[in-house]
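Throughout, read-outs are computed from the coordinates displayed, never taken from laboratory work. From a predicted model like this one, the values you see are computed outputs, not experimental measurements. In this analysis, Cβ positions are derived from the backbone assuming ideal geometry, glycine residues included, and neighbour counts consider all displayed protein chains.
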Amino acid sequence: MSAPWHRWRGRRGRPGDAGAPAAEQAVLDAAVAVLARDPHAPLDAVAARAGLDPRQVRALFPSRDALVAATIMRGARRIAGAAVVEDGTPAEQIALLVARIWDDQAPVAAFTALWMRSELRGEVEKALEPVRVLIADAVARGAGPGGLRADVPETTVAWLVEHAVLACLAGVADGSVDDASGRRLAMTHALAAAGLPWDSAAAVTDGVEARIA
């Protein structure tokens, strides 16, 4: 994937979304292509990738930090705008949602590590609230003996699931998690956070992987 959260359709008219000016869109796309490889790359490298003069880029984004923030927030909005619940049991629905997000985000995992350690974290987590709502709904429907956990509110479980996935993405970014096994680990880790035993989480993940193969 060469653009951030490319398969996630954002709302029109917001900065950095499809309704933004073409030059701004090109710069944001270039930012992901460059910064996903080197999170410390200078703004001039982004301008070169976008085929623009650095002065044009600075007219749109006055600083590198402003560009990074706009890119990250565009991605968060696209994830939130496109997240859906698919057919299946509540546990399968959570695993499928995790898998879809993982496939889209793993190539730009460096951005996850970037915003998790930045002052943007609160704003990004607020933008991702619609995803947590979907997870919480699945948890509520699947909670009970032998199923998803019911000892804490479903909103708390959704938060745990979200952070389980983020931890795996951050692990890919810093090399702690192997790219090839990352998606499976994210699904099983998320399901374990939701209350399933490790063997049940693995069995659900097996089924989901077969479904999306």
* Note down the net charge around I212, summing +1 for each Lys or Arg and -1 for each Asp or Glu among other residues with Cβ under 13 Å from its Cβ. => -3
* Structure fact -> Across G182, G146, G75, the residue with the highest GNM fluctuation in the chain (Cα network, 10 Å cutoff) is G146
* Assuming a ≥ b ≥ c are the square roots of the Cα gyration tensor eigenvalues, decide whether region 140-207 counts as rounded (a/c under 1.5), prolate (otherwise, with a/b larger than b/c) or oblate. => oblate
* To do: Just subtract the alpha-carbon distance of D178 and R55 from 0.36 nm times their residue separation and send over the number in nm, one decimal.
  => 40.4 nm
* Which cross-chain or sequence-distant (5 or more) residues have an amide H under 5 Å from the amide H of A150, H modelled 1.01 Å from N in plane? -> G144
* Whole Å is fine, so just give me how far the alpha carbon centre of region 183-213 lies from that of region 97-144. => 17
* Structure fact -> Any residue on another chain or 5+ positions along whose placed amide H is under 5 Å from the amide H of T89 is listed here as none
* Asked: About the Cα centre of region 46-123, what is the dipole size in debye to 20, counting +1 per Lys and Arg Cβ and -1 per Asp and Glu Cβ, all else neutral?
  -> 520
* Structure fact -> Simple spin-label estimate for A202/D151, 7 Å along Cα→Cβ, in nm, reads 2.2
* Structure fact -> Answer in debye to the nearest 20: the dipole magnitude of the chain about its Cα centre, from +1 Lys/Arg and -1 Asp/Glu charges placed on Cβ, is 660
* Asked: Which of the listed residues, L128, A158, F111, is farthest toward the dipole's positive end in region 106-192, when Lys, Arg count +1 and Asp, Glu count -1 at the beta-carbon?
  -> A158
* Please return the longest stretch of the chain lacking exposed loop sites, where trypsin sites (Lys or Arg not before Pro) count only if DSSP places them in a loop and at most 15 other Cβ atoms lie within 10 Å. => 118-213
* Asked: Short version: ³J(HN,Hα) in whole Hz for each residue of region 199-212, in order, from phi by Karplus 6.51 cos²θ - 1.76 cosθ + 1.60 (θ = phi - 60°), x for Gly and Pro, what are they?
  -> 6, 5, 4, 5, 5, 4, 4, 4, x, 5, 4, 5, 5, 9
